[in-house]
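S.K.: Below is a structure I'd like to ask you about.
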Amino acid sequence: MRVAVTGGRGQLGRQVRRAFGEAGCEVLEPLLDRPAHDIADLAIIDTIAAMRPDLVVHCAAMTDVDGCARDPDAALRVNALGTRNVALGARRAGAALVAISTNEVFSGTARSPYDEWSPVEPINPYGRSKAIGEAFVRQLVPESYIVRTAWLFGPGGNNFVTKMIARAKAGPITIVADEVGSPTYAPDLADALVALVHTGAYGTYHLVNEGVASRLEFAQAIFALAGIEADVTPTTLAQWPRASQVPPRTPLRNLAGAVLGIRLRPWREALAAYLSIEAA
Ligand SMILES: NC(=O)c1ccc[n+]([C@@H]2O[C@H](COP(=O)([O-])OP(=O)(O)OC[C@H]3O[C@@H](n4cnc5c(N)ncnc54)[C@H](OP(=O)(O)O)[C@@H]3O)[C@@H](O)[C@H]2O)c1
């Protein structure tokens, strides 16, 4: 299978390249990443078509949630219209499409975890731009998998794990206790994407590591596993000023994937695996 990857140098994109390569797929050049290939530019449609992929895995996105809040038009250009362009490229090539989306399409006010059919209700420009991107994918490429994930961490990424370790080593640290989500290890997600694509069961999926955590619980697990004695003061979202509004509770329930036998291990196991690699 010939596989094109957008955002191939990002935290998830590099794992997608590894996982599909290990599965015997041909991961195509060029990598559809900035600066050479901007998905917001219509030229990406021809570029993708010329690569003749069987599958496009779309990982590129403007992922800075606060940056999206400061510049909502940029978020729409990249995450909404850029995703439309990638979908048009996949369609022109006759390729299937995996489009990565986010827990932030939900408002975070539900009492129980969000499943794949919960109505989207974004409360910030990042979530809105990703929700519009999802709608373009559904409209333009029936042979598509929309995969929502959350709180990604993995090798080479500037993620919550690396930030917490750096900040705790630098001094006292304040961490939000009332934001709850589904921490997810990028290599596990990439492996799950390979398994998902092999099912041919197009649709919407929630692929996250099992289990739920608050930011504080996630950080405490990081410090315990990394052997860091952190000086932590808990705080609340209300007391933590950010450019973007944050959906407070967005645990994702993996129902559609689990029915196909696609489950990711508990996040604490994945975190331990990640930190053992980082320590090596
Ligand atoms: N990170 C998370 O916690 C998280 C949670 C839920 C869902 N997701 C979704 O998961 C996917 C992968 O996220 P990630 O953590 O791997 O993000 P990442 O590390 O920021 O990678 C995104 C990649 O896309 C590239 N990119 C940005 N704008 C682009 C454009 N206009 N044209 C082409 N490439 C562009 C980035 O390049 P630059 O480095 O130059 O910007 C980067 O290489 C995204 O769809 C994201 O929305 C992420």
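S.K.: If you wrap a convex hull around the alpha carbons of the chain, what volume per residue comes out, as a whole number of Å³?
M.R.: Per residue, the Cα convex hull of the chain comes to 121 Å³.
S.K.: Please turn the phi angles of region 20-34 into ³J(HN,Hα) values with the Karplus equation 6.51 cos²θ - 1.76 cosθ + 1.60 (θ = phi - 60°), one per residue in order, whole Hz, x for glycine and proline.
M.R.: Whole-Hz 3J(HN,Hα) from phi for region 20-34: 6, x, 5, 7, x, 7, 8, 8, 7, 9, x, 5, 8, 9, 6.
S.K.: For the ranges 126-133, 90-97, 236-243, what's the packing order if you count other beta-carbon atoms within 10 Å of each residue, average per peptide, and put the highest first?
M.R.: Top of the packing list down: 126-133, 90-97, 236-243.
S.K.: Would you mind checking which residues have amide H under 5 Å from TYR205's amide H? H placed 1.01 Å from N; only 5 or more apart, or other chain.
M.R.: For TYR205, whose amide H was placed from the backbone, the distant partners under 5 Å are ILE146, VAL147, ARG148.
S.K.: Subtract the Cα-Cα distance of ARG263 and GLU121 from 0.36 nm times their separation in residues, and report this length gain in nm to one decimal.
M.R.: Length difference between fully extended and current span is 48.6 nm.
S.K.: Can you check how the C-alpha radius of gyration of region 101-160 compares to 2.2 N^0.38 Å, as a plain ratio?
M.R.: 1.22
S.K.: While we're here: Between the helical axis of 186-199 and the dominant principal axis of the chain, each derived from Cα atoms, what acute angle in degrees is found, rounded to the nearest 10?
M.R.: 40 degrees
S.K.: When only alpha-carbon atoms count, how far does region 35-134 stretch along each of its three principal axes, as whole angstroms with the largest first?
M.R.: Largest to smallest, the principal-axis extents are 46, 29, 15 Å.
S.K.: Now for a separate question. Given region 54-93, report the % of alpha carbon pairs whose separation exceeds 10 Å.
M.R.: 69 percent
S.K.: Also: Which residues does the label zone of THR199 cover in region 132-169, counting backbone N under 19 Å from a point 7 Å along Cα→Cβ?
M.R.: Output list for this probe position: 138, 142-150.
S.K.: While we're looking at this one, here's another question. Check which residues have an amide H placed less than 5 Å from THR235's amide H, if you skip close sequence neighbours.
M.R.: ILE175, VAL176, ALA177
S.K.: How large is the dipole of region 101-158 about the Cα centre if only Lys and Arg carry +1 and Asp and Glu carry -1, each at its Cβ, rounded to the nearest 20 debye?
M.R.: 120 debye
S.K.: Treating the Cα atoms of region 1-76 as identical point scatterers in vacuum, please give the log10 of the normalised Debye intensity I(q)/I(0) at q = 0.25 Å⁻¹, two decimals.
M.R.: Log10 of I(q)/I(0), two decimals: -1.14.
S.K.: Taking +1 at the Cβ of each Lys and Arg and -1 at the Cβ of each Asp and Glu, which of ASN103, CYS59, GLY133 sits farthest along the dipole of region 54-154 towards its positive end, judged by Cα position relative to the Cα centre?
M.R.: With unit charges placed on the Cβ atoms, the residue in question is GLY133.
S.K.: OK, next. Rule-of-thumb check for region 123-188: C-alpha Rg over 2.2 N^0.38 Å?
M.R.: That ratio works out to 1.49.
S.K.: To the nearest 20 debye, what charge dipole does region 1-122 have about its Cα centre, counting +1 at the Cβ of each Lys and Arg and -1 at the Cβ of each Asp and Glu?
M.R.: With only Lys, Arg, Asp and Glu charged at Cβ, the dipole is about 280 debye.
S.K.: Using modelled backbone amide H atoms (1.01 Å from N, in-plane), which distant-in-sequence or interchain residues come within less than 5 Å of VAL5's amide H?
M.R.: For VAL5, whose amide H was placed from the backbone, the distant partners under 5 Å are LEU28, LEU32, VAL57.
S.K.: Now, a different point. Would you work out the Kirkwood radius for region 114-243? I mean one over the mean of 1/r across all pairs of different Cα atoms, in Å.
M.R.: Its Kirkwood hydrodynamic radius stands at 16.8 Å.
S.K.: Now for a different question. What whole-number value in cubic angstrom gives the convex hull volume per residue for the C-alpha atoms of region 201-280?
M.R.: Given the Cα convex hull of region 201-280, per-residue volume reads 141 Å³.
S.K.: I've got another one for you. Mind checking the angle between helix 82-93 and the chain's longest principal axis? C-alpha axes, 0 to 90 degrees, to the nearest 10.
M.R.: Roughly 40 degrees between the two axes.
A short reminder: the numbers here are calculations on the coordinates, not readings from a lab. Note that the coordinates shown come from a computational prediction; the quantities given were computed from them, not determined experimentally. Cβ: placed from backbone, ideal geometry, glycine included. Neighbour counts: every protein chain shown.
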